Amino acid sequence: VLPVIMRLLALVLGGLVQASLAYDEVHSDEYLKLSAEEKSEKIFRNCLENTSPANWFSTFKMLGLFWESMCPTMTARGDEMPGSRHKYIHTVGAVAQVQWQDLGSHPYTGLFNGAGHGIVRLSLAKEPDTDYLTTVPGMGLKFLRDGMDSANLVAMYSLAGQESWNFFRNDFSNHIGSASASNLPIAIKFARYVMHIQQVGLSDWSTHDQTGTPVVAPVFPYRLRFHPTGDIEFSDTYTRPHTEDLVTIQKGSTLYEIYALDKPVEMGGKENHIANLVTVSKMVTSRWGDEHLFFRHQDMLEDLKIRPEWKEFTPKFGFNHETNC
């Protein structure tokens, strides 16, 4: 009996090893040297390896968020979660490959002029209660560049969420409103590391194009707004998990019209429709996407050091301090 058990154990362990080897690493120097297309394909191949979504964390396990440093969220290289970090926020979502279809007639540089190898992940920030309408949708977006790291952003409607199960009910932005009382502990946690917890920067998107060619004089907007076209809509009331809605989105769908605000409104800023975000694959649920796909958060302070005139009009949380990373 014992030899049989040992053989079975070896088969199980071997299967686990094979499963772990099925995923390509997407963070090393060798990986970063690849073309944007090669990196996009590696990431999406990982996403397709297991299309079962992850499980939500228990309330007890969610406490781990308060023990982790936020610095890797802003500084880690590559496209997968660094080390043994967990995705405590935006735990369950769906992933697709996308293009940034530039509409021209704007001054912005780098990836803002169009890019063909992007990854989007649409998710809910926390586990919803199906007895209520409140959901907290958000988006992670990255575009790959030849021979260098990707450019990333995250965007939401509101930390408080919306009173609808329709993921596309409201606009998203990389600038969101202030935290509610229920989100105050998380806000305090983030503010230990950065002042501008309500925004992520965009300047990294402007410095190189998709081929990795550097831009001589980068130009980037103050804020982006992602506006649903109205072509994709779901029920306002709960009918099924949000992921089952999202996986109905097909290749060739325009997820959002992208509007750019050139400078703060208080400075006379004007907003223009500069691009569309279009899927070039079907949207899928993904265990690897939920547990390992990484979207770097660019510190807004990096943008403000380049454009210091924007600083007085950019909300901050807590006292003035440099980034603590």
Worksheet entry | Cβ pairs under 7 Å, 6+ apart, first in segment 208-224 and more than 14 Å from HIS106 (Cα to Cα), second assigned to a loop (DSSP other than H, G, I, E, B) and among the small types (Gly, Ala, Ser) | GLY212/GLY147
Discussion item. Tell me whether segment 294-314 contains one or more residues that are surrounded by fewer than 17 Cβ atoms within 10 Å (Cβ to Cβ) and in a strand (DSSP E or B).
Written reply: no
Discussion item. Being among the charged types (D, E, K, R) and touching a residue at least 24 places away in the same chain (Cβ under 8 Å) is the filter here; which residues of segment 81-124 pass it?
Written reply: LYS87, ASP102, ARG121
Discussion item. Checking the condition open to solvent by 40 Å² or more (accessible area, probe 1.4 Å), touching a residue at least 40 places away in the same chain (Cβ under 8 Å), touching a helix residue (DSSP H, G or I) at 6+ places or on another chain (Cβ under 6 Å) and more than 21 Å from SER150 (Cβ to Cβ), which residue from GLU266, GLU271 passes?
Written reply: GLU266
Worksheet item: When both residues are 6+ apart or on different chains and their Cβ atoms are under 7 Å apart, which pairs have a first residue that lies in segment 22-51 and is within 15 Å of LYS142 (Cβ to Cβ) and in contact (Cβ under 8 Å) with a residue 60 or more places away in the chain, and a second that is open to solvent by 40 Å² or more (accessible area, probe 1.4 Å) and among the hydroxyl-bearing types (Ser, Thr, Tyr)?
Response: ASN46/TYR23
Worksheet item: For segment 83-103, what are the residues that are among the aliphatic types (A, V, I, L, M) and in a strand (DSSP E or B)?
Response: VAL92, ALA94, VAL95, ALA96, VAL98
Item to complete: Report whether or not THR285 is surrounded by 14 or more Cβ atoms within 10 Å (Cβ to Cβ), in contact with a Pro (Cβ under 6 Å, 6 or more places away or on another chain), among the polar types (S, T, N, Q) and at pLDDT 95 or above.
Response: yes
Worksheet item: Applying the selection to segment 31-82, what residues are in a helix (DSSP H, G or I) and open to solvent by 80 Å² or more (accessible area, probe 1.4 Å)?
Response: GLU37, GLU38, GLU41, ARG45, LEU48, GLU49, THR59, PHE60, LYS61, LEU63, PHE66, THR75
Worksheet entry | Top-ranked residue in segment 221-252 [being assigned to a loop (DSSP other than H, G, I, E, B) and touching an Asp or Glu at 6+ places or on another chain (Cβ under 7 Å); ranked as farthest from LYS126 (Cα to Cα)] | PRO221
Worksheet item: Of all residues in segment 121-143 being hydroxyl-bearing (Ser, Thr, Tyr) and assigned to a loop (DSSP other than H, G, I, E, B), which is surrounded by the fewest Cβ atoms within 10 Å (Cβ to Cβ)?
Response: TYR132
Practice prompt. Collect the residues in segment 180-192 that are in contact (Cβ under 8 Å) with a residue 24 or more places away in the chain, open to solvent by less than 50 Å² (accessible area, probe 1.4 Å) and over 19 Å from the mean Cα position of the chain (by Cα), keeping them in residue-number order.
Written response: ASN183, LYS189, ALA191
Response to the item:
Reported set for segment 208-234 where residues are open to solvent by less than 50 Å² (accessible area, probe 1.4 Å) and closer than 17 Å to ALA94 by Cβ is PHE226, PRO228, ILE232, PHE234
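One line per residue, one yes/no per condition, for (1) on the phi < 0 side of the Ramachandran plot; (2) in contact with a Ser or Thr (Cβ under 7 Å, 6 or more places away or on another chain); (3) of a type in the set (S, T, N, Q):
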position: THR59; (1), (2), (3): yes, no, yes
position: CYS71; (1), (2), (3): yes, no, no
position: ILE89; (1), (2), (3): yes, no, no
position: GLY93; (1), (2), (3): yes, yes, no
position: THR109; (1), (2), (3): yes, yes, yes
position: ALA115; (1), (2), (3): yes, no, no
position: ALA125; (1), (2), (3): yes, no, no
Worksheet item: Assuming SER164 fulfils every condition listed in (1) without any contact (Cβ under 8 Å) to a residue 60 or more places away in the chain; (2) open to solvent by less than 10 Å² (accessible area, probe 1.4 Å) apart from one, which condition is it?
Response: (1)
Response to the item:
TYR193 fails exactly one of (1) part of a loop (DSSP other than H, G, I, E, B); (2) farther than 22 Å from HIS321 by Cβ; (3) at pLDDT below 95; (4) not hydrophobic (A, V, I, L, M, F, W, C), namely (2)
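The values are calculated or read from the model by the stated rules, or taken from the named source; none is laboratory data. Just so you know, these numbers come straight off a predicted model, no measurement behind them. A quick note on method: Cβ atoms are made from the backbone with ideal geometry, for glycine too, and the neighbour counts reach across all protein chains shown. Calculation scope for accessible area: heavy atoms of the full protein, side chains included, ligands and nucleic acids excluded. Shrake-Rupley method; radii C 1.70, N 1.55, O 1.52, S 1.80 Å.
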